[in-house]
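Note sheet for the following structure.
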Amino acid sequence: MQEAITNPKFKDPVKEYLGKFNLNLCLTCGTCTNGCPITGMPGMEGWDTRKVLRMLAYGMTDEVVQSKFPWLCTGCGRCVHGCPMGIDIVGIMGHMKSLRPREDVPGILHKGVLNVLNTGNNMAIPQEDYFFLMSDMGRELAEEECPGFYVPVDRENADVLFFPNSKEVFSDNEDMKWWWKIFYAARENWTIPSENWEAVDWGLFTGNSEATRILAQRKIDFMKRHTINRMIMPDCGGGSYGCRKGMKECVLEDPNNKINHIYLYDYLKEIIESGRIKLDKSRNAGQVFTWHDSCKHGRELERNFGKGYYDEPRWIIDQCVDRFVEMVPTRANNFCCGAGGGNWPMPYEEESAYHARFKYKQIKESGAHVVVVGCSNCRDQMMRRIPKFYPDCDYEVKYIWQLVAETLVIEPWDDEEIEKAQKEAAAQWERLGVVVDEDME
């Protein structure tokens, strides 16, 4: 009978962490390897999940930390989902990332963490530029189709707190309007923060659990300071998952840190069911839609917090379209798109595209014209990277809130509502020191 491995040469902190997992439970069955998108990757010959676990069991931590393997892990959780012994391989890979010296973290990820800790967003966008953009884009939407609309900043006693994604503030400005239209149509009492507004958590991607905790605490503090009812969890799968992980630690430190939050799927379902927004699915006639189950909104969220979002997004899509098809496999067995774990912004584009080979095949075989997603990284991967490496892609990619916004029947505000909102907007921008160009109104 094979003896258990009892004396690996771990450094003390590593031994303490890995001591939470009994690596001797590993049956070396290969389920993790068969489920992992890294398996067979060009340039990673000789590496697979099963081998990495054996290396760690034998104390070969430095070899794992110095390799690319933990960084190519998307954190999709297919390994843990299939593991008969329930070993938290995703957590172990995250810890391996944390052991890499910060100056050796691949690409821009650590710089983004420093930026968000020092400036409140990953891109280090100055507050005055942020304010100007919100003012300018808000006026633009008001002129286009939503009279009276403006973006409320630091509103007291708001019902909903919403966090922008820095890539939308930095470059994809028009994408912000989808949520704004929904809030306008629902006549939502909402707000965004003036500072520390980043939705995405790159601390999660770099194994920096302290950064994840700090970002969560900032959100909690803002909620309390402005007496806000509930927060919509960030749309980014990593952003929402990291926020949940960070908030869990904050509540363990102080139970008073518990706040109300709602996932975007629950929020959209709520305002549709209650009749606060109206939809016309005929606008999407003639197209076939499918849904991508994000790893961090589904499989990994379910494993760590007991609830994954599978039925809710499908219900929402059903309110918007007539023709829906499933990808195979689906729900908790779905394949990762290849962008998770920081693989979208990291300098491993070819490896990330190799991850995506299964997702490409799924989409093609579904026959769908439109892939609907609930995560910004998943969207970028399927809209930009997969077509770059698999040129015969002929599908569109849409956020689920984009689909809802495009299906909206916006009931016009009355003159009194418009006038009230315009006065509020003028007072807000004056308070924040934003000079409104009268010629642009």
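The values are calculated or read from the model by the stated rules, or taken from the named source; none is laboratory data. All values reported here derive from a predicted model rather than from experimental measurement. Note: ideal-geometry Cβ built from the backbone for every residue, glycine included; neighbour counts use all protein chains shown.
With respect to (1) surrounded by fewer than 21 Cβ atoms within 10 Å (Cβ to Cβ); (2) part of a strand (DSSP E or B), the lone exception for GLU168 is condition (2).
Among the residues of segment 150-166, is there at least one that is in the same structural domain as ILE220 (by TED's automatic domain parsing), free of Cβ contacts under 8 Å to residues at least 40 places away in the same chain and touching a helix residue (DSSP H, G or I) at 6+ places or on another chain (Cβ under 8 Å)? The answer is yes; a qualifying residue exists.
Note on segment 202-220: among residues that are in contact with a helix residue (DSSP H, G or I) (Cβ under 9 Å, 6 or more places away or on another chain) and of a type in the set (D, E, K, R), the one that is farthest from GLY75 (Cα to Cα) is LYS219.
For (1) buried (at least 23 other Cβ atoms within 10 Å of the Cβ); (2) over 22 Å from the mean Cα position of the chain (by Cα); (3) not hydrophobic (A, V, I, L, M, F, W, C), each residue gets a yes or a no:
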| site | (1), (2), (3) |
| --- | --- |
| VAL288 | no, yes, no |
| ALA332 | no, no, no |
| GLY342 | yes, no, yes |
| ALA353 | no, no, no |
| TYR360 | no, no, yes |
| CYS378 | yes, no, no |
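Residue check: CYS375 meets all listed conditions (1) outside the structural domain of ARG155 (by TED's automatic domain parsing); (2) touching a Gly at 6+ places or on another chain (Cβ under 7 Å); (3) over 24 Å from LYS281 (Cα atoms); (4) not β-branched (Val, Ile, Thr) but one, namely (3). Among the residues of segment 212-235, those that are among the hydrophobic types (A, V, I, L, M, F, W, C) and out of contact with any Ser or Thr (no Cβ under 6 Å at 6 or more places or on another chain) comprise ILE214, LEU215, ALA216, ILE220, PHE222, MET223, ILE228, MET231, ILE232. When GLU424 is tested against (1) in contact with a Cys (Cβ under 8 Å, 6 or more places away or on another chain); (2) in contact (Cβ under 8 Å) with a residue 40 or more places away in the chain, just one condition goes unmet, and that condition is (1). Per the listing ARG283, ARG314, ARG303, the residue uniquely assigned to a helix (DSSP H, G or I), closer than 22 Å to MET176 by Cα and assigned by TED's automatic domain parsing to the domain that holds HIS369 is ARG283. Being free of Cβ contacts under 8 Å to residues at least 40 places away in the same chain, within 30 Å of ASP322 (Cα to Cα) and assigned by TED's automatic domain parsing to the domain that holds GLU198 is a description that does not apply to MET247.
State whether the residues of segment 190-200 include one that is in a helix (DSSP H, G or I) and at pLDDT 95 or above.
no
Tallying residues that are in contact (Cβ under 8 Å) with a residue 60 or more places away in the chain and under 22 Å from the mean Cα position of the chain (by Cα) within segment 169-188 yields 6.
Applying the set (1) farther than 30 Å from CYS36 by Cα; (2) over 19 Å from the mean Cα position of the chain (by Cα); (3) in contact (Cβ under 8 Å) with a residue 12 or more places away in the chain to PRO70 leaves exactly one unmet item: (1). Whenever a residue of segment 111-139 is under 28 Å from ASN208 (Cβ atoms), its partners that are in a helix (DSSP H, G or I) and among the hydroxyl-bearing types (Ser, Thr, Tyr), lying with C-beta atoms within less than 7 angstrom and at least six residues away or across chains, give the pairs VAL113/THR206; ASN121/SER166; ASN122/SER166; MET123/SER166; ILE125/SER166.
Of all residues in segment 109-162, count the ones that are outside any helix (DSSP H, G or I) and surrounded by 15 or more Cβ atoms within 10 Å (Cβ to Cβ). Explain how you work it out, then say what you get.
Going through segment 109-162, the residues outside any helix (DSSP H, G or I) turn out to be 120-126, 145-162.
Of the ones still in play, those that are also surrounded by 15 or more Cβ atoms within 10 Å (Cβ to Cβ) are 120-125, 146-155, 158, 160-162.
Within segment 109-162, residues that are outside any helix (DSSP H, G or I) and surrounded by 15 or more Cβ atoms within 10 Å (Cβ to Cβ) number 20.
Figure legend. Inter-residue proximity from segment 74-85: first residues outside the structural domain of ARG331 (by TED's automatic domain parsing) and closer than 21 Å to GLY239 by Cα, second residues assigned to a loop (DSSP other than H, G, I, E, B) and basic (Lys, Arg), beta-carbon distance below 9 Å, spacing 6+ or different chains. Indicated pairs: GLY75/LYS296; CYS76/LYS296; GLY77/LYS296. Reported count of residues in segment 400-415, each being of a type in the set (D, E, K, R) and assigned to a loop (DSSP other than H, G, I, E, B), is 2.
Given the residues ILE316, ILE272, which is the only one that is β-branched (Val, Ile, Thr) and buried (at least 21 other Cβ atoms within 10 Å of the Cβ)?
Details: ILE272 fails: buried (at least 21 other Cβ atoms within 10 Å of the Cβ).
Of ILE316, ILE272, the one residue that is β-branched (Val, Ile, Thr) and buried (at least 21 other Cβ atoms within 10 Å of the Cβ) is ILE316.
Within segment 20-36, restricting attention to residues that are over 11 Å from MET85 (Cα atoms) and in a loop (DSSP other than H, G, I, E, B), the residue that is nearest to the chain's Cα centre (by Cα) is CYS36. Counting only residues that are surrounded by 21 or more Cβ atoms within 10 Å (Cβ to Cβ), among the hydrophobic types (A, V, I, L, M, F, W, C) and under 30 Å from ASP104 (Cα atoms), segment 180-227 holds 9 of them.
In segment 52-108, the qualifying residues are those that are of a type in the set (Val, Ile, Thr) and not in a helix (DSSP H, G or I), and the one that is nearest to SER294 (Cα to Cα) is THR74.
Taking into account only those residues within segment 228-258 that are assigned to a helix (DSSP H, G or I) and charged (D, E, K, R), which is surrounded by the fewest Cβ atoms within 10 Å (Cβ to Cβ)? Checking each candidate, the answer is GLU253.
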